Amino acid sequence: MNEQNAATGNNLQTGREKALSTSVRLAYGSGDVACNIVFGMISTLLTLFYTDYAGISPVTVGLVMLISRVFDGTSDVIMGIIVNKTKTKYGKARPYIIWMALPYAISAILLFCVPRTTPTLQFIYMFVTYNLATTVLYTAINVPYGTLSTLMTRSSHQRDLLSVFRMAMSPFGKIIAVTFTLPLVKLFGNDQAAWIKVMSIWAVVAFFLLVICFLKCEETVEIKAAQDVKVPLGKNVKALVTNKYFWATLVLWTVTCVHATVVGTDLPYYCKYVLHNDGWMYSVLFTAEILTMIAGAMICPFLLNKWSKRNICLVSCILAVAAHAVFLLNPGSFYWALGTSIVRAVGEAPLVALVFGMMGDVIEYGQWKSHIRQESLVFGGGSLGFKIGTGITSALITSLLTTSGYVASSGGTAVQPQSAVNTILNIYKFGPIVVWSIAVVVLIFYNLDKKIPGIMQELSEREAKGEL
């Protein structure tokens, strides 16, 4: 069957009749809440902590994050291979959720324990702890976590709902951490010790949420033909890189992560040095956007009853671009920024909510095309989008701040030159509009949705014969 013929088929082959319970979907979503409590801090406020509380120069922070990408870029694929080879009574992805929960929580606290010592030793400490938390432990949780959704159901629709619950709930992690962190830091003394105390609280919450995810989410998908086939690494990698829809979803996931990092990293500086308020304005802007995205994600199941994932996301991303274009008309106004960010968030929500459902479809397409099933490799490779979005974007932002003459201080009271203020404003002005325009272009050419029913029908027939 060619790709054109794959567009036809019985819709029952998508497995709509096998519904996961709401409690299971909530438990699955709690896993990403846990990840976002910790990584929300890393992708948003960690740079501010390094520069304005630990007194580390932006160039040093940027160098740590940029060098780390060399290691981080391969860790996801390696973890995907490890998961694929794992066999336990709990499955191959699920056990990593519980195995890595405590180490991950501890590593998050260590990030904020930068010693008051020489710049060289601080660089080494930052590099080791940053890579421990992101390259090693985050990867060891997040790749299996993403893979787990494809091992809980074969239904494209049920995977969409898991993705919706995941991405509707995950922002609560950032809300918990990011919105309340700065007020709590000020309450606990507004110094480095205060950051450590606050991060310890979030780490405990994240640990227990990961335990809930492990206990409730079971692997039920077993494809005997896949268990009997041993695929060489080279053939696996070739099948992955020649899957055009893998690249499409990789770019789309990268877009959402780049946007979150641009806004998360630059917004505290924007509020502090452009709006001249580093307290409630930041919390209001961040929380308003996140809450709007949650509401938008929760509407997606109803939209999916009428339209395809691609069409919903395309129209929404166009809205995001238009909303931020309106922001450019008055970027120095808090209320203008608030209103346009809420409208922009309406446009952001569907892609954020549905991109992992798209990745599930990519796995089925890859199996149909190459006769190789690659759950963990697709999510492992796709996780590169997250690493690119957070690491390289953070490094780029800190490099721009350094070039513009940004002054770091341990008390966060330095007066910034106008060149630095202009850079902070320009990052917030132009970053989001560029990345969401990229999403629009990719979605225009994305047409996998209409092919999935036919693909699932043929896979069902193959697997009944013991074939992939």
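Within region 62-105, list the trypsin sites (Lys or Arg not before Pro) lying in a DSSP loop whose Cβ has at most 13 other Cβ atoms in a 10 Å radius. Intermediate results must be reported in sequence, preceding the final value.
Working: sites: 69, 85, 87, 89, 92; in loops: 87, 89, 92.
Passing sites in region 62-105 are 87, 89.
Taking GluC sites (Glu not before Pro) in DSSP loop states with no more than 11 other Cβ atoms inside 10 Å as exposed sites, the chain has its longest site-free stretch at 223-466. Derived scalar couplings between HN and Hα for region 317-332 equal 5, 4, 4, 4, 4, 5, 5, 6, 4, 5, 4, 4, 6, 8, x, x Hz in order, rounded to whole Hz, by the Karplus curve 6.51 cos²θ - 1.76 cosθ + 1.60 (θ = phi - 60°), x for Gly and Pro.
Can you give me the relative contact order of the chain as a percent, contacts being Cα pairs under 8 Å and 6 or more apart? Intermediate results must be reported in sequence, preceding the final value.
On the way: 755 pairs, mean separation 146.2, N = 468.
Worked out over the chain, it gives 31 percent.
For a 31 Å ceiling on Cα separation, which of these pairs sit above it: 235/306; 92/197; 174/272; 92/244; 174/309? From 235/306; 92/197; 174/272; 92/244; 174/309, over 31 Å: 235/306; 92/197. In this calculation the C-beta distance from residue 74 to residue 98 is compared with R0 = 22 Å, giving a FRET efficiency of 0.30.
Would you kindly state how much longer the chain becomes between residue 116 and residue 415 on full extension, computed as 0.36 nm times their sequence separation minus their alpha carbon distance, in nm to one decimal?
On the way: separation 299, 0.36 × 299 = 107.64 nm, distance 2.28 nm.
Separation in residues times 0.36 nm, less the Cα-Cα distance, equals 105.4 nm.
Once you sort the root eigenvalues of the Cα gyration tensor of region 23-86 as a ≥ b ≥ c, which label holds: rounded (a/c under 1.5), prolate (a/b larger than b/c) or oblate (the other case)?
Working: a/c = 5.17, a/b = 1.44, b/c = 3.60.
Oblate shape, in that a/c is at least 1.5 and b/c is the bigger or equal ratio.
Computed from phi, the 3J(HN,Hα) profile of region 452-468 under the Karplus parametrisation 6.51, -1.76, 1.60 (θ = phi - 60°) reads 4, x, x, 4, 5, 5, 5, 4, 4, 5, 4, 5, 5, 8, x, 10, 8 Hz, with x in place of Gly and Pro. For residue 238, a cut-off of 17 angstrom between C-alpha atoms picks up these lysines, skipping any fewer than 8 places away in its own chain: 230, 369.
Enumerate the residues in region 357-376 having an amide nitrogen under 12 Å from the point lying 7 Å beyond the Cα of residue 467 toward its Cβ. Residues 371 qualify, since their backbone N sits under 12 Å from the label point. Backbone geometry of region 392-407 corresponds, through the Karplus equation with coefficients 6.51, -1.76 and 1.60 at θ = phi - 60°, to 3J(HN,Hα) couplings of 5, 5, 4, 5, 5, 4, 5, 5, 5, 5, 4, 4, 7, x, 4, 9 Hz, x marking Gly and Pro. Under the combined filter of DSSP loop state and at most 10 neighbouring Cβ atoms within 10 Å, region 189-296 retains these trypsin sites (Lys or Arg not before Pro): 230. Would you mind checking the tilt of helix 280-304 against the longest principal axis of the Cα atoms of the chain, expressed as 0 to 90 degrees and rounded to 10? The helix 280-304 is inclined about 10 degrees to the chain.
By how many nm would the segment from residue 429 to residue 325 grow when fully extended, if each residue of separation counts as 0.36 nm and the alpha-carbon distance is taken off? Before the final figure, lay out the partial values.
Working: separation 104, 0.36 × 104 = 37.44 nm, distance 0.87 nm.
Contour length minus the Cα-Cα distance gives 36.6 nm.
We did not get these values from a lab; they are worked out from the coordinates using the rules stated. Computed from a predicted structure; not experimentally measured. Because the Cβ atoms are built from the backbone with ideal geometry, glycine has one as well, and the counts that use them run over all protein chains shown.
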